[in-house]
Amino acid sequence: MSSKRIMIANIMNAINACTEMNFQKKVTILLNVLCDEIGLSFEKVQPSNGDAKNDGWIVEKNIYFACYSPNDANISQNKQIVSKLDGDLSGLCTEVYRNGRWGRKIEEFYLIVNTHDKDLPADPDRLRQNKINEIKEEFNVEFIAKVITTEEIKKYLLTIDEKIIKKISDNLDIETLNNDFSVSDVFEFVDGYFVYLMSQDVILYQSSDLTRIKIEKKIDINKLNKLKDHILQLIPKADKIEQYISFTMEMGESSEKYEKLKDYIINKYQELEKKYLGEELYNKLIDELIYDTMKDTYAIILETFVVFVFIRCDIFKKE
């Protein structure tokens with residue numbers, strides 16, 4: 001299960017990191033794979049030919065999609081979303097009901113908004129729903145219409161088979177992505193995740209043994225050979241976490257959050273090693289640490305932190 005969650009986190013990180021046409025491209029690739037798996041036809045619309053207010057649609061179901069991820073600082077302002085909704089949904093209704101294009105009928109319409117791990121902005125005056133109602137009334141039609149964030153995509157991915165997740169990952173070329181972690185990313189993760197830990201009933205184990213042995217040998221000793229390439233790929237990112245920790249200490253900041261998170265991971269490992277070994281132990285450890293509502297970037301950083309602990313601390317066998 002943990003490998004599935006990590007793949008989903010990487011997929012969502014790749015999608016959420018995009019704006020404008022790149023965002024649309026990745027979302028439509030994902031939708032195309034999902035539809036293919038359940039025997040439906042997803043038709044991607046080439047913007048160069050004029051999209052007629054439609055970024056892609058499921059032919060058999062008359063379900064239409066529009067994507068929105070602007071390249072500016074006001075990404076989640078409600079007025080922008082309402083404006084996008086007005087232009088795309090009104091335009092799509094014109095093409096479908098007045099010009100007889102596409103399926104000549106709309107059953108469902110979804111505007112997928114990239115808010116970069118945030119919720120949709122507050123809409124106390126119900127501007128989004130009022131705009132939808134206004135457009136449906138203008139054309140005298142009824143259909144399902146919703147504004148959603150990419151979080152809805154993540155929720156769906158968590159319910160489907162890991163083989164399909166792998167296929168989506170392959171089609172999006174996830175392995176070629178450079179998921180760089182900045183100091184601010186790690187700082188936000190440590191703060192946010194530590195708040196989560198403190199809300200749990202946690203027993204922390206103190207460890208002072210930071211003996212380091214050759215990484216490849218440690219991987220072999222712990223029977224993690226199938227995960228070897230994956231772990232080695234995370235080592236440069238784990239080094240960045242080490243650099244971040246050194247930076248905070250040089251700045252005179254307390255290492256308390258790092259120590260408690262490290263000790264929590266070690267404690268969780270010690271609980272699990274009584275039941276599991278090797279790759280199953282590694283996967284169970286990740287599965288215990290990552291919860292479904294965790295932000296995707298945090299999940300990736302968390303596994304990197306586990307690899308950092310694996311390298312630097314007294315965790316997993318050394319001989």
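Each reported figure results from applying straightforward, stated rules to the coordinates on display, with no laboratory input. The structure displayed is predicted, hence computed values, not measured ones. Positions of Cβ are generated from backbone atoms using ideal geometry, with glycine treated the same way; all protein chains shown enter the neighbour counts.
General remarks:
- FRET efficiency, Leu277 to Leu120 (Cβ-Cβ, R0 51 Å, nearest 0.05): 0.70
- Loop-located trypsin sites (Lys or Arg not before Pro) in the range 67-147 (DSSP state other than H, G, I, E, B) with a sparse environment of at most 11 neighbouring Cβ atoms within 10 Å: Arg104, Lys105, Arg126.
- Between the alpha-carbon centres of the range 1-30 and the range 213-276 there is a gap of 25 Å.
- Neighbour-limited loop hits for GluC sites (Glu not before Pro), the range 228-304 (at most 16 other Cβ within 10 Å; DSSP other than H, G, I, E, B): Glu253, Glu273
- Entries in Lys214/Lys240; Lys167/Lys223; Lys25/Lys136; Lys118/Lys260; Lys26/Lys146; Lys25/Lys226 that, when Cα-Cα distance is taken, lie over 24 Å: Lys167/Lys223; Lys25/Lys136; Lys118/Lys260; Lys25/Lys226
- Full-stretch length increase - Asn171, His230 - with 0.36 nm per residue and alpha-carbon distance subtracted: 19.4 nm
- A full extension of the chain between Gln270 and Glu43 corresponds to an added length of 76.7 nm, given 0.36 nm per residue minus the alpha carbon distance.
- Per-pair calculated FRET efficiency, R0 = 25 Å: Ala52 and Asn140 via Cβ, rounded to 0.05: 0.80
- Extension gain for the segment Asp86 to Asp239, taken as residue separation times 0.36 nm less the Cα-Cα distance, is 50.4 nm to one decimal.
- Close amide-amide hydrogen proximity is noted between Cys67 and Asp55, Ile112, each under 5 Å apart and 5 or more residues distant or on a separate chain (H modeled in the peptide plane; Pro and chain starts excluded).
- Gyration tensor (alpha-carbon) shape descriptor, the range 1-159, a/c threshold 1.5: oblate
- Inter-probe distance in nm under a simple model that places probes 7 Å from Cα toward Cβ, at Lys217 and Glu60: 5.7 nm
- Theoretical FRET efficiency, 1/(1+(r/R0)^6), r = Cβ-Cβ of Glu250 and Asp161, R0 41 Å, to 0.05: 0.30
- Two-site label geometry, Asn22 and Asn78: point separation in nm, points 7 Å out along Cα→Cβ: 3.1 nm
- Exceeding the 32 Å Cα-Cα cut-off - candidates Lys154/Lys262; Lys61/Lys228; Lys154/Lys268; Lys84/Lys284: Lys61/Lys228; Lys84/Lys284
- Of the chymotrypsin sites (Phe, Trp or Tyr not before Pro) in the range 240-297, the ones in a loop by DSSP (not H, G, I, E or B) with at most 16 other beta carbons within 10 Å are Tyr276, Tyr291.
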